[in-house]
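Working notes, beginning with the structure itself.
The values are calculated or read from the model by the stated rules, or taken from the named source; none is laboratory data. Keep in mind that this is a model prediction, so the values were computed, not measured. Ligands, DNA and RNA are stripped out before the accessible areas are found, and what is left, the full protein with its side chains, is counted by its heavy atoms. Shrake-Rupley method; radii C 1.70, N 1.55, O 1.52, S 1.80 Å.
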Amino acid sequence: MTGTLRALTIVNALIYFGAATYHSGALIPAGALAPASIAEALLGLVLVVALAGVVAPRIAYVIVLAGTLFGLSIVVARGLLGVDLWIHVVMLAGLGLAFALLFTRRTA
């Protein structure tokens with residue numbers, strides 16, 4: 001994993017852990033959504049495992065993308081177009097940058 005991808009993966013993992021904290025209700029009780037909190041924490045953990053070299057970054061990012069798109073589909077289906085939608089937009093932006101690095105550089 002290149003230095004740029006490593007730094008971006010750390011930022012992405014922090015975004016997922018931050019979203020998990022938000023959905024845990026620890027910061028804002030109105031944001032509590034336990035299933036989302038668990039899923040986002042697990043996706044952040046997948047990124048950490050990729051940082052540790054246990055899983056290939058491409059595999060980890062495909063897993064995280066699938067989970068994020070699933071979560072986004074729930075957000076849209078439920079009409080949660082406020083903070084939840086923006087969290088997913090930020091996640092997808094980070095994933096887009098990571099995929100750009102993963103598929104344009106041979107060393108990833």
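Observations
- Compared with the dominant Cα axis of the chain, that is its longest principal axis, helix 83-104 is turned about 10°.
- With viscosity 1.002 mPa s and temperature 20 °C, the Kirkwood radius over alpha carbon pairs of segment 10-108 converts through Stokes-Einstein to a diffusion coefficient of 157 µm²/s.
- Surface composition of the chain: carbon plus sulfur atoms contribute 76% of the solvent-accessible area (1.4 Å probe, protein chains only, all chains present).
- Vicinal HN-Hα couplings computed from phi for segment 2-13 (Karplus, 6.51 cos²θ - 1.76 cosθ + 1.60; Hz; Gly/Pro x): 6, x, 5, 5, 4, 4, 5, 5, 4, 4, 4, 4
- Rounded to the nearest whole Hz, the Karplus-based 3J(HN,Hα) values (6.51 cos²θ - 1.76 cosθ + 1.60, θ = phi - 60°) of segment 43-54 follow the sequence 5, x, 5, 4, 5, 5, 5, 5, 4, 6, x, 7, with x at glycine and proline.
- Taking all protein chains together and rolling a 1.4 Å probe, Arg6 ends up with roughly 90 Å² accessible.
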